[in-house]
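S.K.: This is the structure I want to talk about, given as C-alpha coordinates.
The values are calculated or read from the model by the stated rules, or taken from the named source; none is laboratory data. The model shown is predicted, which means the values in this text are computed figures rather than measured ones. FYI the Cβ positions are ideal-geometry reconstructions off the backbone, even for glycines, and counts take in every protein chain you see. The protein model used for the area step is the full one, side chains on, heavy atoms only, and it has no ligands, DNA or RNA in it. Shrake-Rupley method; radii C 1.70, N 1.55, O 1.52, S 1.80 Å.
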Amino acid sequence: MFLDFFASKGHEVVASSPLVPANDPTLLFTNAGMVQFKETFLGQETRKYTRAVTTQRCVRAGGKHNDLENVGYTARHHTFFEMLGNFSFGDYFKREAIQYAWEFLTETLALPPEKLWITVFEEDDEAADIWLKEIGVSADRFSRIGAKDNFWSMGDTGPCGPCSEIFYDHGEDIAGGPPGTPEEDGDRYIEIWNLVFMQFDRSADGTLTPLPKPSVDTGMGLERLAAVLQHVHNNYEIDLFQHLIEAIQALSGTEDSSNFSLRVIADHIRSCSFMIADGVHPSNEGRGYVLRRIIRRAIRHGHKLGLKEAFFHKLVQPLVNEMGDAFPELKQAQALVEKALLQEENRFADTLDNGLRILDQAIEDMGDKEIPGETVFLLYDTYGFPIDLTADIARERGLTIDIAGFERAMEAQRTRARSASQFAGGLSEQIAIDGETAFCGYSQTQETGTITAIIAD
Ligand code: ATP
Ligand code: MG
Ligand code: MG
Ligand code: MG
(Lines give C-alpha, C1' and ligand atoms only; values in the text may rest on other atoms or scores of the structure.)
(Ligands and ions follow the chains in the order given, each with its own letter.)
Protein backbone atom coordinates (compact mmCIF):
# COMPACT_ATOMS: atom_id res chain seq x y z
CA MET A 1 0.00 0.00 0.00
CA PHE A 2 2.85 2.35 0.83
CA LEU A 3 4.66 1.76 -2.45
CA ASP A 4 1.42 2.07 -4.44
CA PHE A 5 0.42 5.25 -2.65
CA PHE A 6 3.68 7.03 -3.44
CA ALA A 7 3.87 5.57 -6.96
CA SER A 8 0.49 7.20 -7.55
CA LYS A 9 2.10 10.50 -6.47
CA GLY A 10 4.81 10.25 -9.12
CA HIS A 11 7.48 8.39 -7.09
CA GLU A 12 9.79 5.87 -8.72
CA VAL A 13 9.63 2.51 -6.89
CA VAL A 14 13.27 1.63 -6.14
CA ALA A 15 14.45 -1.72 -4.75
CA SER A 16 16.00 -2.05 -1.29
CA SER A 17 19.78 -1.82 -1.36
CA PRO A 18 21.90 -4.40 0.52
CA LEU A 19 22.78 -4.08 4.22
CA VAL A 20 26.41 -3.43 3.39
CA PRO A 21 26.49 0.10 1.99
CA ALA A 22 28.26 0.44 -1.35
CA ASN A 23 31.33 2.67 -1.13
CA ASP A 24 30.66 4.03 2.33
CA PRO A 25 33.35 3.16 4.84
CA THR A 26 31.83 5.62 7.35
CA LEU A 27 28.84 3.36 7.87
CA LEU A 28 28.77 -0.19 9.27
CA PHE A 29 25.34 -1.12 7.94
CA THR A 30 22.54 0.48 5.98
CA ASN A 31 20.60 2.06 8.84
CA ALA A 32 17.95 4.05 6.93
CA GLY A 33 16.23 4.30 3.58
CA MET A 34 18.24 7.37 2.59
CA VAL A 35 21.59 5.60 2.62
CA GLN A 36 21.44 4.44 -1.00
CA PHE A 37 20.57 8.01 -2.01
CA LYS A 38 23.29 9.76 -0.05
CA GLU A 39 25.16 10.99 -3.14
CA THR A 40 21.92 12.13 -4.74
CA PHE A 41 21.10 14.29 -1.72
CA LEU A 42 24.61 15.72 -1.80
CA GLY A 43 24.24 16.58 -5.50
CA GLN A 44 27.17 14.32 -6.41
CA GLU A 45 24.97 12.04 -8.48
CA THR A 46 21.84 12.68 -10.51
CA ARG A 47 19.10 10.16 -11.18
CA LYS A 48 16.46 10.06 -13.83
CA TYR A 49 13.78 10.75 -11.20
CA THR A 50 13.39 13.37 -8.46
CA ARG A 51 10.94 11.34 -6.33
CA ALA A 52 11.49 7.82 -5.06
CA VAL A 53 9.84 5.33 -2.72
CA THR A 54 11.41 2.26 -1.11
CA THR A 55 11.06 -0.37 1.53
CA GLN A 56 14.62 -0.68 2.78
CA ARG A 57 16.11 -3.43 4.92
CA CYS A 58 18.05 -1.85 7.77
CA VAL A 59 20.31 -2.91 10.61
CA ARG A 60 20.93 -0.81 13.70
CA ALA A 61 23.47 -2.72 15.70
CA GLY A 62 26.50 -0.49 15.74
CA GLY A 63 27.68 3.03 15.04
CA LYS A 64 25.51 6.10 15.54
CA HIS A 65 22.20 4.23 15.47
CA ASN A 66 22.61 1.17 17.69
CA ASP A 67 19.53 -0.57 19.06
CA LEU A 68 21.09 -3.89 20.03
CA GLU A 69 20.76 -3.13 23.74
CA ASN A 70 17.08 -2.19 23.29
CA VAL A 71 16.01 -5.47 21.74
CA GLY A 72 13.47 -7.25 23.93
CA TYR A 73 13.48 -4.41 26.45
CA THR A 74 11.26 -2.05 24.44
CA ALA A 75 8.18 -2.87 22.39
CA ARG A 76 9.55 -1.16 19.31
CA HIS A 77 13.24 -1.83 18.63
CA HIS A 78 14.85 -4.48 16.44
CA THR A 79 18.38 -4.95 15.20
CA PHE A 80 16.89 -5.63 11.74
CA PHE A 81 13.78 -3.92 10.44
CA GLU A 82 12.22 -2.64 7.25
CA MET A 83 11.98 1.08 6.72
CA LEU A 84 9.35 2.50 4.39
CA GLY A 85 10.46 5.77 2.86
CA ASN A 86 9.53 8.41 0.34
CA PHE A 87 12.16 10.78 -0.99
CA SER A 88 12.32 14.08 -2.79
CA PHE A 89 15.59 15.11 -4.39
CA GLY A 90 15.17 18.86 -4.65
CA ASP A 91 11.56 18.34 -5.76
CA TYR A 92 8.88 18.85 -3.08
CA PHE A 93 9.70 19.99 0.47
CA LYS A 94 7.94 20.33 3.82
CA ARG A 95 4.39 21.04 2.70
CA GLU A 96 3.93 18.06 0.38
CA ALA A 97 5.89 15.72 2.66
CA ILE A 98 3.51 16.51 5.51
CA GLN A 99 0.39 16.37 3.33
CA TYR A 100 1.36 12.99 1.84
CA ALA A 101 2.12 11.48 5.25
CA TRP A 102 -1.16 12.68 6.69
CA GLU A 103 -3.16 11.47 3.72
CA PHE A 104 -1.54 8.03 3.78
CA LEU A 105 -2.11 7.51 7.51
CA THR A 106 -5.58 8.99 7.93
CA GLU A 107 -7.15 8.20 4.55
CA THR A 108 -5.39 5.20 2.97
CA LEU A 109 -4.89 3.41 6.30
CA ALA A 110 -7.84 5.18 7.98
CA LEU A 111 -6.05 5.70 11.30
CA PRO A 112 -8.06 7.99 13.60
CA PRO A 113 -6.36 11.44 13.75
CA GLU A 114 -6.93 11.58 17.51
CA LYS A 115 -4.56 8.61 17.93
CA LEU A 116 -1.70 10.50 16.28
CA TRP A 117 0.74 12.90 17.95
CA ILE A 118 2.97 15.28 15.99
CA THR A 119 6.37 16.77 16.83
CA VAL A 120 8.49 19.33 14.99
CA PHE A 121 11.99 20.67 15.56
CA GLU A 122 11.69 23.48 18.13
CA GLU A 123 12.88 26.20 15.72
CA ASP A 124 10.84 25.04 12.73
CA ASP A 125 7.91 27.49 12.61
CA GLU A 126 7.26 26.64 8.97
CA ALA A 127 6.56 22.97 9.71
CA ALA A 128 4.55 23.92 12.81
CA ASP A 129 2.31 26.21 10.73
CA ILE A 130 1.70 23.55 8.10
CA TRP A 131 0.61 21.03 10.74
CA LEU A 132 -1.47 23.35 12.87
CA LYS A 133 -2.97 25.74 10.30
CA GLU A 134 -3.10 23.78 7.05
CA ILE A 135 -3.58 20.17 8.18
CA GLY A 136 -5.45 21.32 11.28
CA VAL A 137 -3.97 18.92 13.85
CA SER A 138 -4.91 19.67 17.42
CA ALA A 139 -2.45 21.74 19.47
CA ASP A 140 -3.15 19.24 22.28
CA ARG A 141 -1.34 16.55 20.38
CA PHE A 142 1.57 18.58 19.11
CA SER A 143 4.98 19.44 20.56
CA ARG A 144 8.21 21.17 19.67
CA ILE A 145 11.30 19.11 20.40
CA GLY A 146 15.04 19.85 20.57
CA ALA A 147 17.84 18.67 18.33
CA LYS A 148 18.49 15.38 20.12
CA ASP A 149 15.35 13.81 18.68
CA ASN A 150 14.29 16.20 15.95
CA PHE A 151 17.44 16.89 14.04
CA TRP A 152 18.25 13.76 12.07
CA SER A 153 21.60 12.62 10.74
CA MET A 154 22.68 9.33 9.25
CA GLY A 155 26.05 9.34 10.99
CA ASP A 156 28.62 11.81 12.23
CA THR A 157 28.94 13.19 8.71
CA GLY A 158 26.65 13.42 5.68
CA PRO A 159 23.18 14.75 4.85
CA CYS A 160 21.03 15.86 7.79
CA GLY A 161 18.28 18.25 8.76
CA PRO A 162 15.41 19.15 11.09
CA CYS A 163 12.56 16.67 11.24
CA SER A 164 8.94 16.23 12.13
CA GLU A 165 7.76 12.98 13.65
CA ILE A 166 4.44 11.18 13.91
CA PHE A 167 3.65 9.04 16.96
CA TYR A 168 0.81 6.62 17.54
CA ASP A 169 -0.96 6.50 20.89
CA HIS A 170 -1.42 2.86 21.89
CA GLY A 171 -3.86 3.86 24.61
CA GLU A 172 -3.96 4.66 28.28
CA ASP A 173 -3.56 1.02 29.35
CA ILE A 174 0.06 1.20 28.24
CA ALA A 175 2.59 3.03 30.45
CA GLY A 176 4.30 6.06 28.96
CA GLY A 177 3.83 9.73 28.16
CA PRO A 178 3.79 11.82 24.99
CA PRO A 179 7.02 12.89 23.28
CA GLY A 180 8.88 15.65 25.05
CA THR A 181 7.70 14.61 28.53
CA PRO A 182 9.77 12.73 31.11
CA GLU A 183 7.52 9.65 30.68
CA GLU A 184 8.06 9.36 26.91
CA ASP A 185 10.34 6.34 27.26
CA GLY A 186 7.36 4.10 27.86
CA ASP A 187 5.59 2.17 25.13
CA ARG A 188 2.35 4.14 24.98
CA TYR A 189 3.34 6.73 22.38
CA ILE A 190 5.31 4.97 19.68
CA GLU A 191 7.17 6.91 17.01
CA ILE A 192 6.05 5.53 13.68
CA TRP A 193 7.20 7.99 11.02
CA ASN A 194 10.02 10.48 10.75
CA LEU A 195 9.89 13.18 8.07
CA VAL A 196 13.36 14.62 7.62
CA PHE A 197 13.77 17.93 5.86
CA MET A 198 17.23 17.41 4.40
CA GLN A 199 18.97 20.72 4.27
CA PHE A 200 22.62 20.30 5.27
CA ASP A 201 25.74 18.27 4.77
CA ARG A 202 27.62 17.84 8.03
CA SER A 203 31.41 17.64 7.68
CA ALA A 204 33.80 15.87 10.04
CA ASP A 205 34.47 19.06 12.02
CA GLY A 206 30.73 19.60 12.54
CA THR A 207 30.22 22.39 10.00
CA LEU A 208 26.79 22.40 8.35
CA THR A 209 26.87 23.26 4.63
CA PRO A 210 23.51 23.79 2.89
CA LEU A 211 22.67 21.06 0.36
CA PRO A 212 22.33 22.11 -3.30
CA LYS A 213 18.54 21.77 -3.01
CA PRO A 214 16.35 21.22 0.05
CA SER A 215 15.11 17.65 -0.06
CA VAL A 216 12.92 15.19 1.81
CA ASP A 217 13.79 11.86 3.36
CA THR A 218 11.21 9.95 5.38
CA GLY A 219 11.32 6.71 7.31
CA MET A 220 8.55 4.61 8.81
CA GLY A 221 9.14 1.27 10.52
CA LEU A 222 7.06 -1.44 8.87
CA GLU A 223 6.91 -3.55 12.02
CA ARG A 224 5.68 -0.61 14.12
CA LEU A 225 3.03 0.18 11.54
CA ALA A 226 2.03 -3.50 11.43
CA ALA A 227 1.57 -3.47 15.22
CA VAL A 228 -0.80 -0.50 14.88
CA LEU A 229 -2.78 -2.10 12.06
CA GLN A 230 -2.93 -5.50 13.77
CA HIS A 231 -4.11 -3.87 17.03
CA VAL A 232 -1.24 -5.21 19.13
CA HIS A 233 0.89 -3.07 21.40
CA ASN A 234 4.25 -4.70 20.94
CA ASN A 235 6.12 -5.34 17.67
CA TYR A 236 6.89 -8.89 18.78
CA GLU A 237 3.16 -9.65 18.73
CA ILE A 238 2.73 -9.03 15.00
CA ASP A 239 2.11 -12.07 12.78
CA LEU A 240 5.64 -12.30 11.37
CA PHE A 241 7.30 -12.36 14.80
CA GLN A 242 4.68 -14.69 16.24
CA HIS A 243 5.44 -17.23 13.52
CA LEU A 244 9.16 -17.04 14.24
CA ILE A 245 8.50 -17.31 17.97
CA GLU A 246 6.28 -20.36 17.42
CA ALA A 247 9.13 -22.00 15.52
CA ILE A 248 11.51 -21.41 18.44
CA GLN A 249 8.87 -22.64 20.90
CA ALA A 250 8.54 -25.84 18.89
CA LEU A 251 12.28 -26.44 19.35
CA SER A 252 12.57 -25.43 22.99
CA GLY A 253 9.16 -26.26 24.44
CA THR A 254 8.91 -22.77 25.99
CA GLU A 255 5.27 -22.14 26.80
CA ASP A 256 5.05 -18.41 27.37
CA SER A 257 5.18 -16.78 23.94
CA SER A 258 6.13 -13.42 25.48
CA ASN A 259 9.33 -14.91 26.93
CA PHE A 260 12.17 -12.40 26.63
CA SER A 261 14.69 -14.83 25.12
CA LEU A 262 12.19 -15.92 22.46
CA ARG A 263 11.87 -12.30 21.37
CA VAL A 264 15.59 -11.70 21.28
CA ILE A 265 16.22 -14.84 19.22
CA ALA A 266 13.39 -13.97 16.81
CA ASP A 267 14.97 -10.56 16.35
CA HIS A 268 18.50 -11.87 15.94
CA ILE A 269 17.69 -14.54 13.34
CA ARG A 270 16.51 -11.77 11.04
CA SER A 271 19.57 -9.54 11.33
CA CYS A 272 22.03 -12.44 11.22
CA SER A 273 20.41 -14.13 8.20
CA PHE A 274 20.15 -10.94 6.18
CA MET A 275 23.70 -9.89 7.02
CA ILE A 276 25.05 -13.21 5.80
CA ALA A 277 22.83 -13.12 2.71
CA ASP A 278 24.29 -9.67 2.01
CA GLY A 279 27.84 -10.96 2.19
CA VAL A 280 28.93 -10.49 5.81
CA HIS A 281 30.75 -13.43 7.40
CA PRO A 282 31.33 -13.95 11.14
CA SER A 283 34.83 -12.75 11.98
CA ASN A 284 36.81 -10.88 14.57
CA GLU A 285 36.58 -7.40 13.17
CA GLY A 286 34.29 -4.77 11.73
CA ARG A 287 30.95 -5.93 10.35
CA GLY A 288 31.87 -9.57 10.78
CA TYR A 289 32.41 -9.05 14.49
CA VAL A 290 29.05 -7.33 14.90
CA LEU A 291 27.52 -10.39 13.25
CA ARG A 292 29.49 -12.79 15.46
CA ARG A 293 28.43 -10.90 18.59
CA ILE A 294 24.75 -11.05 17.65
CA ILE A 295 24.92 -14.76 16.80
CA ARG A 296 26.60 -15.50 20.15
CA ARG A 297 23.99 -13.52 22.04
CA ALA A 298 21.27 -15.53 20.28
CA ILE A 299 23.00 -18.82 21.10
CA ARG A 300 23.27 -17.81 24.74
CA HIS A 301 19.56 -17.01 24.85
CA GLY A 302 18.85 -20.42 23.31
CA HIS A 303 20.98 -21.96 26.04
CA LYS A 304 18.77 -20.18 28.60
CA LEU A 305 15.73 -21.81 27.03
CA GLY A 306 17.38 -25.20 27.38
CA LEU A 307 18.53 -25.45 23.75
CA LYS A 308 21.91 -27.07 24.24
CA GLU A 309 22.26 -28.43 20.69
CA ALA A 310 22.76 -26.24 17.62
CA PHE A 311 19.36 -24.68 16.90
CA PHE A 312 19.84 -21.19 15.47
CA HIS A 313 20.39 -22.32 11.87
CA LYS A 314 17.08 -24.21 12.03
CA LEU A 315 15.26 -20.88 12.16
CA VAL A 316 16.37 -19.85 8.69
CA GLN A 317 13.62 -21.96 7.08
CA PRO A 318 10.81 -20.35 9.10
CA LEU A 319 12.32 -16.95 8.28
CA VAL A 320 12.42 -17.77 4.57
CA ASN A 321 8.76 -18.80 4.84
CA GLU A 322 7.96 -15.34 6.19
CA MET A 323 10.22 -13.13 4.12
CA GLY A 324 11.54 -15.15 1.18
CA ASP A 325 8.90 -13.89 -1.25
CA ALA A 326 9.58 -10.24 -0.50
CA PHE A 327 13.35 -10.83 -0.49
CA PRO A 328 14.34 -13.46 -3.07
CA GLU A 329 18.00 -12.80 -2.20
CA LEU A 330 17.32 -14.39 1.20
CA LYS A 331 15.80 -17.49 -0.40
CA GLN A 332 18.76 -17.79 -2.76
CA ALA A 333 21.25 -17.57 0.07
CA GLN A 334 19.38 -19.95 2.39
CA ALA A 335 21.87 -22.85 2.25
CA LEU A 336 24.81 -20.49 2.72
CA VAL A 337 23.17 -18.78 5.69
CA GLU A 338 22.35 -22.08 7.37
CA LYS A 339 25.88 -23.32 6.91
CA ALA A 340 27.49 -20.16 8.28
CA LEU A 341 25.23 -20.15 11.33
CA LEU A 342 25.76 -23.83 12.07
CA GLN A 343 29.52 -23.35 11.81
CA GLU A 344 29.40 -20.47 14.25
CA GLU A 345 27.18 -22.46 16.62
CA ASN A 346 29.60 -25.35 16.61
CA ARG A 347 32.54 -23.05 17.16
CA PHE A 348 30.96 -21.44 20.22
CA ALA A 349 29.37 -24.60 21.64
CA ASP A 350 32.59 -25.90 23.21
CA THR A 351 33.31 -22.79 25.21
CA LEU A 352 29.84 -21.46 26.04
CA ASP A 353 29.04 -24.00 28.73
CA ASN A 354 32.38 -23.69 30.48
CA GLY A 355 32.38 -19.92 30.18
CA LEU A 356 28.93 -19.68 31.75
CA ARG A 357 30.04 -21.90 34.60
CA ILE A 358 33.05 -19.67 35.26
CA LEU A 359 30.84 -16.61 35.15
CA ASP A 360 28.34 -18.11 37.60
CA GLN A 361 31.15 -18.97 39.97
CA ALA A 362 32.60 -15.47 39.72
CA ILE A 363 29.20 -13.94 40.41
CA GLU A 364 28.76 -16.15 43.45
CA ASP A 365 32.21 -15.19 44.75
CA MET A 366 32.04 -11.49 44.22
CA GLY A 367 31.30 -9.06 46.99
CA ASP A 368 29.79 -6.15 45.08
CA LYS A 369 27.56 -5.74 42.06
CA GLU A 370 30.35 -5.45 39.53
CA ILE A 371 31.82 -8.41 37.66
CA PRO A 372 35.62 -8.09 37.91
CA GLY A 373 37.53 -7.02 34.80
CA GLU A 374 39.77 -10.11 34.94
CA THR A 375 36.72 -12.39 34.71
CA VAL A 376 35.33 -10.41 31.78
CA PHE A 377 38.72 -10.65 30.11
CA LEU A 378 39.10 -14.38 30.78
CA LEU A 379 35.69 -15.03 29.25
CA TYR A 380 36.55 -12.85 26.29
CA ASP A 381 40.01 -14.15 25.68
CA THR A 382 39.62 -17.85 26.38
CA TYR A 383 35.91 -18.57 26.02
CA GLY A 384 34.97 -16.36 23.09
CA PHE A 385 32.52 -14.19 25.05
CA PRO A 386 32.37 -10.79 23.35
CA ILE A 387 32.34 -8.16 26.08
CA ASP A 388 28.78 -7.11 25.26
CA LEU A 389 27.61 -10.71 25.78
CA THR A 390 28.94 -10.69 29.32
CA ALA A 391 27.42 -7.24 29.83
CA ASP A 392 24.09 -8.61 28.56
CA ILE A 393 24.14 -11.44 31.10
CA ALA A 394 25.18 -9.03 33.84
CA ARG A 395 22.32 -6.67 33.01
CA GLU A 396 19.75 -9.47 33.28
CA ARG A 397 20.95 -10.09 36.83
CA GLY A 398 21.09 -6.43 37.82
CA LEU A 399 24.90 -6.39 37.75
CA THR A 400 27.49 -4.33 35.87
CA ILE A 401 30.89 -5.17 34.46
CA ASP A 402 34.23 -3.52 35.22
CA ILE A 403 35.20 -2.17 31.80
CA ALA A 404 38.28 -0.31 33.05
CA GLY A 405 39.53 -3.51 34.68
CA PHE A 406 38.85 -5.40 31.46
CA GLU A 407 40.94 -2.89 29.53
CA ARG A 408 43.79 -3.15 32.02
CA ALA A 409 43.79 -6.92 31.60
CA MET A 410 43.74 -6.48 27.84
CA GLU A 411 46.65 -4.06 27.98
CA ALA A 412 48.65 -6.45 30.15
CA GLN A 413 47.97 -9.18 27.60
CA ARG A 414 49.19 -6.92 24.83
CA THR A 415 52.41 -6.17 26.68
CA ARG A 416 52.99 -9.89 27.22
CA ALA A 417 52.32 -10.56 23.56
CA ARG A 418 54.75 -7.86 22.49
CA SER A 419 57.58 -9.22 24.58
CA ALA A 420 56.77 -12.78 23.50
CA SER A 421 56.87 -11.80 19.84
CA GLN A 422 60.45 -10.60 20.21
CA PHE A 423 61.26 -14.30 20.27
CA ALA A 424 60.85 -16.71 17.41
CA GLY A 425 57.27 -17.60 16.44
CA GLY A 426 55.62 -15.39 19.01
CA LEU A 427 52.05 -14.40 18.68
CA SER A 428 51.18 -15.96 15.37
CA GLU A 429 52.47 -19.32 16.51
CA GLN A 430 50.42 -19.08 19.66
CA ILE A 431 47.28 -18.28 17.67
CA ALA A 432 47.83 -21.28 15.48
CA ILE A 433 48.12 -23.49 18.53
CA ASP A 434 45.15 -22.12 20.40
CA GLY A 435 42.83 -22.01 17.45
CA GLU A 436 40.18 -19.51 16.48
CA THR A 437 37.76 -19.68 19.36
CA ALA A 438 40.32 -19.17 22.06
CA PHE A 439 41.65 -16.09 20.37
CA CYS A 440 38.44 -14.47 19.44
CA GLY A 441 39.82 -11.14 20.55
CA TYR A 442 43.18 -10.55 19.01
CA SER A 443 42.31 -8.79 15.85
CA GLN A 444 40.16 -6.33 17.65
CA THR A 445 42.61 -5.48 20.37
CA GLN A 446 43.06 -2.19 18.58
CA GLU A 447 39.33 -1.67 18.73
CA THR A 448 38.86 -1.58 22.46
CA GLY A 449 37.62 1.98 22.20
CA THR A 450 34.85 0.83 19.90
CA ILE A 451 33.88 -1.99 22.20
CA THR A 452 33.57 0.38 25.11
CA ALA A 453 31.40 2.66 23.01
CA ILE A 454 29.08 -0.22 22.21
CA ILE A 455 28.59 -1.00 25.86
CA ALA A 456 27.98 2.60 26.74
CA ASP A 457 25.53 3.19 23.85
P1 ATP B 1 13.28 5.60 18.23
O2 ATP B 1 13.28 7.01 18.81
O3 ATP B 1 12.01 4.85 18.51
O4 ATP B 1 14.52 4.85 18.60
P5 ATP B 1 14.42 6.72 15.89
O6 ATP B 1 14.03 8.14 16.10
O7 ATP B 1 15.77 6.31 16.28
O8 ATP B 1 13.34 5.76 16.62
P9 ATP B 1 14.52 7.16 13.05
O10 ATP B 1 15.99 7.24 12.91
O11 ATP B 1 13.76 8.42 13.02
O12 ATP B 1 14.16 6.30 14.36
O13 ATP B 1 13.99 6.13 11.92
C14 ATP B 1 12.76 6.28 11.24
C15 ATP B 1 11.75 5.21 11.65
O16 ATP B 1 12.28 3.90 11.58
C17 ATP B 1 11.25 5.35 13.06
O18 ATP B 1 10.24 6.31 13.16
C19 ATP B 1 10.71 3.94 13.34
O20 ATP B 1 9.41 3.77 12.82
C21 ATP B 1 11.66 3.07 12.57
N22 ATP B 1 12.73 2.50 13.44
C23 ATP B 1 13.84 3.15 13.87
N24 ATP B 1 14.62 2.33 14.61
C25 ATP B 1 13.98 1.13 14.63
C26 ATP B 1 14.30 -0.13 15.21
N27 ATP B 1 15.42 -0.32 15.89
N28 ATP B 1 13.44 -1.14 15.03
C29 ATP B 1 12.30 -0.96 14.33
N30 ATP B 1 11.94 0.20 13.75
C31 ATP B 1 12.77 1.24 13.89
MG1 MG C 1 16.42 5.18 17.83
MG1 MG D 1 13.10 8.88 17.89
MG1 MG E 1 13.10 9.40 14.78
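S.K.: Helix 286-304 against the longest principal axis of the chain: what's the angle in degrees, Cα atoms only, rounded to the nearest 10?
M.R.: Helix 286-304 and the main axis of the chain meet at about 80 degrees.
S.K.: Return the inverse of the average 1/r over all pairs of distinct C-alpha atoms in segment 305-386, which is the Kirkwood hydrodynamic radius, in Å to one decimal.
M.R.: 15.1 Å
S.K.: Accessible area per residue of segment 1-154 at 1.4 Å probe, in Å²?
M.R.: I get 41 Å² per residue for this part.
S.K.: Skipping prolines and chain starts, which residues have an amide H placed within reach, meaning under 5 Å, of the one on Q56, given they are 5 or more residues away or on another chain?
M.R.: So Q56 has HN proximity to M83, L84, G85.
S.K.: Taking every pair of Cα atoms in the chain, average 1/r, invert it to obtain the Kirkwood radius, and report Rg/Rh to two decimals.
M.R.: 0.99
S.K.: Using amide H atoms built 1.01 Å from N in the peptide plane, name the residues 5+ places from I371, or on other chains, whose amide H lies under 5 Å from its own.
M.R.: Under 5 Å from the amide H of I371: T400, I401, D402.
S.K.: Sticking with this one: What order do you get for 77-87, 379-389 when each peptide is scored by the mean count of other beta carbon atoms within 10 Å, highest first?
M.R.: 77-87, 379-389
S.K.: Just subtract the alpha-carbon distance of L132 and A204 from 0.36 nm times their residue separation and send over the number in nm, one decimal.
M.R.: Stretched fully, the L132-A204 segment lengthens by 22.3 nm.
S.K.: In segment 50-112, what percentage of the DSSP-assigned beta bridges are antiparallel, given to the nearest 5?
M.R.: Percent antiparallel among DSSP bridges in segment 50-112 is about 100.
S.K.: Against the longest alpha carbon principal axis of the chain, how many degrees, from 0 to 90 and to the nearest 10, is the axis of helix 387-396 turned?
M.R.: The answer is roughly 80 degrees.
S.K.: Further, regarding this structure: For an R0 of 35 angstrom, estimate the FRET efficiency from the Cβ-Cβ distance between E123 and S8 and round to the nearest 0.05.
M.R.: Efficiency, rounded to the nearest 0.05: 0.55.
S.K.: For a protection proxy built on the mean count of beta-carbon atoms within 10 angstrom, sort 289-298, 166-175 highest first, please.
M.R.: Listed from highest to lowest mean packing, they are 289-298, 166-175.
S.K.: For the chain, find the longest principal axis of its Cα atoms and tell me its angle to the long axis of helix 403-420, 0 to 90°, nearest 10.
M.R.: 50 degrees
S.K.: Let me ask you something else. Could you please tell me the mean projected area of the C-alpha convex hull for segment 1-153, averaged over all directions and given in square nanometres to one decimal?
M.R.: 10.2 nm²
S.K.: Please give the contour-minus-distance gain from K308 to R418: 0.36 nm per residue of separation, less the Cα-Cα distance, rounded to one decimal in nm.
M.R.: 35.8 nm
S.K.: Take the cross-link list K48/K115; K308/K369; K38/K331; K48/K148; K339/K369 and give me the ones stretching past 31 Å between alpha-carbons.
M.R.: Beyond 31 Å between Cα atoms: K48/K115; K48/K148; K339/K369.
S.K.: With a 1.4 Å probe and all protein chains left in place, how much of the accessible area of segment 57-206 comes from carbon and sulfur atoms, in whole percent?
M.R.: 43 percent
S.K.: Just to check I understand the Karplus step: with θ = phi - 60° and J = 6.51 cos²θ - 1.76 cosθ + 1.60, what whole-Hz values come out for segment 322-327, glycine and proline as x?
M.R.: Using θ = phi - 60°, the values come out as 7, 10, x, 6, 6, 10 Hz.
S.K.: Please report the antiparallel percentage of DSSP beta bridges with both residues in segment 115-182, rounded to the nearest 5.
M.R.: 65 percent
S.K.: Sequence-distant or interchain residues sharing an amide H contact under 5 Å with L28, placed H: which?
M.R.: none
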